[in-house]
Structure formats: C-alpha cells, structure tokens
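Inspection log for the structure reproduced underneath, given as structure tokens.
The values are calculated or read from the model by the stated rules, or taken from the named source; none is laboratory data. Values in this document were obtained by computation on a predicted structure and should not be read as measured data. Cβ sites come from the backbone with ideal geometry, for glycine too, and all protein chains shown count toward neighbours. These accessible areas exclude ligands, DNA and RNA; they are computed on the full protein's heavy atoms, side chains included. Shrake-Rupley method; radii C 1.70, N 1.55, O 1.52, S 1.80 Å.
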Amino acid sequence: MSRETIIPPDSPFTLDNIPFGVISTASDPKRRCATALGHHAIDLSLLWKGRDGIEPNQNLCEIFSQPSLNAFAALSSTTRSKVREILIHDLSTGCVPEKCFIPLSQVHMHLPMKIWGYSDFFCSLEHAQNCAPLAGGKVARNFFYAPSVYNGRASSVMPSPNPVRRPKGIKYAHGVGQPVFGPTIKMDFELEIGYFVSKPIPLGETINAIDAPEHIFGFVLLNDWSSRDFQEFEMTPLGPFHSKGFGTSISPWVITLDALKPFACEPEHIHSATEFDHQRYEERATATFDIRLNASLIRNGERYNITESNLRSLYWTPYQQIAHHASAGCGLETGDLMGTGTISGQHEGELGCLFEATKDGSCPLEFPNGTTVRYLEDADEIVLEAWCDNGTRRIGFGECRGKILPSLQN
C-alpha cells in the first residue's frame with residue numbers, strides 16, 4: 001500500500017498523529033489495541049508478534065493483545081514515545097505487513113481504556129458567566145481560585161457512535177413548580193475534551209501542574225450529555241446527579257501528548273494572582289493546546305453547525321485541573337477519565353451547549369431553512385470534531401457521535 005492510498009488528504013489520522021484505540025472485527029471478535037492511519041486501523045498485537053519490546057523482558061505483543069490500553073498507558077512516557085517513533089518509521093517506510101491493515105469501515109470501536117473513575121470539570125469562565133444568570137446567580141468566587149469539579153459516573157461512559165437514550169427523572173413541572181417524574185424535555189450536549197490518566201498517583205500523594213504531563217496518556221473528544229430540567233431540580237443542595245450521569249460519549253481514538261506537542265500554546269486567560277503553588281505552570285507558552293472544536297447537529301437528514309470553540313479558551317488548563325484533582329491526596333488510577341467541562345469562547349458562535357446558546361430555550365437557534373433549535377429532539381444526532389493545524393502539521397480527533405433515542409415507555 002502506498003502512503004497516498006492510506007492517508008487521504010482529509011484524514012485526521014496522519015503520520016503526525018498515530019492515535020491509539022481498541023478494536024474488534026467480525027472475523028476476530030477479540031478486543032485488541034490498534035492505531036489508525038488514514039482510513040485503516042493497524043492491528044498492533046499482530047504487528048508486534050515476535051518482535052522485541054522497548055525494555056528488557058517486555059512483551060508488547062501481550063500488552064497490545066489486552067482489551068484496553070491501560071497496560072500500554074501505564075508504561076513510562078519514554079517507552080510509549082519510542083513505540084510511537086517506531087510506528088511512524090515503519091509506516092512511512094512500508095515496513096508494516098499488509099495483513100496488519102484493516103479498513104476502518106470493518107472495525108468495531110470499543111472504549112479505549114478501562115475507566116475506574118470519571119470526574120468532570122467546570123472551567124470555562126465564559127461558560128460560567130453565561131450560565132450563572134440563567135440559573136439566577138453569578139459566578140462563584142471560588143471559581144477564580146481552583147478548578148471546579150464533581151465526580152461523574154464511569155459506568156455510563158460510552159464510545160462513539162453509540163446512541164444515548166432520553167432519560168427519565170424528576171423535574172419541576174413547567175409553570176407550577178411541582179416536582180414530577182418523566183422524560184427530560186431539555187436534552188442538551190456539552191462540547192468538551194476528555195483526557196486519560198497514565199502514570200497513577202498513589203493514595204495520599206500529590207503533584208504540581210508542572211508534573212502533569214507525566215500523568216496524562218492522551219486526549220479524546222467528550223460529550224457530557226445533560227438534562228437541564230433535571231439539573232434545575234438537583235443543583236441545590238448537592239449539584240448534578242441524574243442530570244449528568246445517564247450518558248457521556250467519547251471519541252474512541254486517544255490522541256497522545258506526543259502528537260499534540262507541536263500545537264502547545266499559551267492559554268487565553270492569565271490569573272497567576274489567584275493560583276496556588278501546585279497550580280502554577282510557569283512555562284505559559286506550552287501550558288495548553290491549540291485544539292479547534294466544532295459541534296454539529298443532524299436533524300431530519302440536514303446538518304447544522306451549532307458551535308465552534310478552542311481548548312485554549314479554558315480558564316483552568318488540563319494540567320492545572322489534574323494537579324487540583326490530586327491535591328487532596330485522593331489518588332488517581334491509570335485509566336481514570338477527566339472531562340475539561342464545557343468549552344465556550346468569548347465570541348459569537350462559541351457557546352459550548354444549547355443551554356447557553358438558546359438562553360435555556362428562550363432564544364432558539366434559527367437556520368436559513370426555517371429550522372429552529374431550542375433543545376435536542378428524539379432522533380437528533382450530535383457530532384463533535386476537533387483539529388489541530390499549525391501550517392506544517394495537521395491532525396484530527398475523528399468524530400464523537402451520539403443519536404438521541406426516545407425514552408423507554410414503562
């Protein structure tokens with residue numbers, strides 16, 4: 001296979017990328033690890049069969065034969081980088097046997113990691129400023145001193161393109177304020193990035209933001225589906241529960257820190273005066289990443305662009321988030337998932353959820369063909385995408401898709 005055949009010009013999975021995921025096929029239903037190049041997956045368990053590991057007595061074939069990437073992510077960052085370098089060399093020089101290539105159309109994608117814990121942050125200042133008045137308040141003072149975060153539910157994290165069912169729960173009846181039980185009528189998406197823990201942080205230990213890269217395996221797109229009417233009922237006194245816990249979608253290919261390093265950049269927000277020592281990342285020029293994000297809605301066969309944003313817009317960066325998470329000594333495990341929280345920007349068209357974009361449904365989005373959008377309807381599909389492009393390198397995350405199924409009738 002020629003490189004031109006493998007890597008179409010519009011592919012997110014270039015030689016500068018080399019993402020990692022978990023696949024199975026109809027002919028071999030066993031889950032195993034893979035990378036992606038162009039429109040093909042490369043079976044890493046097959047590629048490394050009979051080959052030496054990077055370190056002595058290391059069996060990469062066995063590691064890549066696991067049904068998750070946890071064993072690979074737990075290796076040192078130096079070892080993972082060397083594996084990636086070997087893959088780039090072998091793929092660019094035609095050293096990968098053709099039998100290792102599987103068309104992406106023939107693979108089934110699974111969760112890339114065994115997820116032990118999931119935490120979701122609330123770290124976009126613009127998102128907070130837009131949402132607070134809608135909820136009858138203002139941005140809390142503590143937002144400016146630490147990344148806000150709550151524990152989510154790992155069991156409902158699903159890989160794209162699995163559908164998500166409209167949940168039932170308790171909400172206040174419209175106009176009367178009486179609690180009722182039933183399907184949500186304010187189904188929403190959230191435009192986020194997720195990232196996985198690599199090197200664990202033992203219980204009782206902490207890290208500083210400068211140490212964070214050693215503990216992050218890579219990034220995925222993340223859609224933390226939300227029920228805004230359930231959320232209104234739950235927020236006082238303890239915050240979101242069923243309004244957030246019924247489903248979280250992630251893109252199935254993990255984009256590594258090595259792939260993202262060329263796109264490191266300075267965050268938009270400067271707030272050193274309110275940072276504690278463990279939150280400081282003095283190398284501001286590489287404190288976050290220039291990742292352009294997009295969310296689209298597919299309704300009745302038509303596709304509508306809903307919002308665009310950029311990871312660098314976050315007030316608190318992923319490095320600061322994970323340092324804060326570990327600061328109380330709770331410990332983190334390889335495979336733990338962090339969500340950045342909704343990523344909204346300062347400009348028109350950069351609002352990361354419908355709650356913001358429609359002012360809780362009071363100002364619907366209007367499109368030229370007459371379609372209006374307040375919240376998500378049954379059969380609607382949300383598609384998240386993300387790209388990095390610095391003029392010489394271009395990589396993508398693929399897609400994070402989810403279609404709304406109607407609530408169960410029982």
> Dimensions of the range 1-144 along principal axes (Cα, Å, largest first)?
Replying inline: 61, 38, 30
>> Under 10 Å, Cα contacts only: if you run a Gaussian network model on the chain, which one of Ile86, Ile216, Ile18 comes out with the highest mean-square fluctuation?
In response: Ile86
> When Rg is the radius of gyration of the Cα atoms in the range 241-369 and Rh is its Kirkwood radius, what does Rg/Rh come to?
Replying inline: 1.00
> How big is the shadow of the Cα convex hull of the range 1-65, averaged over all directions, in nm²?
Replying inline: 5.3 nm²
> What share of all Cα pairs of the range 353-393, in percent, falls into each consecutive 5 Å distance bin?
Replying inline: 6, 17, 18, 21, 12, 7, 9, 8, 1
> Which of His242, His347, His174 moves most in a GNM of the chain, Cα contacts under 10 Å?
Replying inline: His174
> For the range 78-197, with every protein chain kept in place, what is the accessible area per residue (1.4 Å probe, Å²)?
Replying inline: 49 Å²
>> I'd like to know how the chain sits against the 2.2 N^0.38 Å rule of thumb: what's its Cα Rg over that expected value?
In response: 0.98
> When the chain is modelled as a GNM with alpha-carbon springs shorter than 10 Å, which of Leu87, Leu75, Leu203 fluctuates the most?
Replying inline: Leu203
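Given just the C-alpha atoms of the range 324-410, how large is their convex hull per residue in cubic angstrom?
Value for the range 324-410: 254 Å³ per residue.
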>> In 5 Å bins starting at zero, report the fraction of Cα pairs in the range 181-251 per bin as a rounded %.
In response: 4, 14, 17, 16, 13, 15, 13, 6, 3, 0
> What shape does the range 101-228 have by the C-alpha gyration tensor, where a ≥ b ≥ c are the square roots of the eigenvalues, rounded means a/c under 1.5, and otherwise prolate means a/b greater than b/c and oblate the rest?
Replying inline: oblate
> Can you give the extra length, in nm with one decimal, that the chain gains between Leu405 and Asn300 once fully stretched, where that is 0.36 nm per residue apart less the Cα-Cα distance?
Replying inline: 36.4 nm
> Where the centroid of each part is defined by its Cα atoms, how far is the range 65-130 from the range 7-55 in Å?
Replying inline: 9 Å
>> Rounded to the nearest 5, what % of DSSP beta bridges with both residues in the chain are antiparallel?
In response: 90 percent
> How high is the FRET efficiency from Thr78 to Gln178, r the C-beta distance, R0 56 Å, rounded to 0.05?
Replying inline: 0.40
> Calculated FRET efficiency, Phe367 and Asp10, Cβ-Cβ r, R0 35 Å, to nearest 0.05?
Replying inline: 0.90
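Using helices alone, I'd like the mean residue ellipticity at 222 nm for the chain: each DSSP H run of four-plus residues gives -39500 (n - 2.57), total over residue count, nearest 500. If you can, show how the numbers build up before the last one.
Values: 11 runs with 75 residues, N = 410.
The helix-only estimate for the chain comes to -4500 deg cm²/dmol at 222 nm.
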>> Exposed loop sites here are GluC sites (Glu not before Pro) in DSSP loop states with at most 14 other C-beta atoms within 10 Å. What is the longest stretch of the chain lacking them?
In response: 1-204
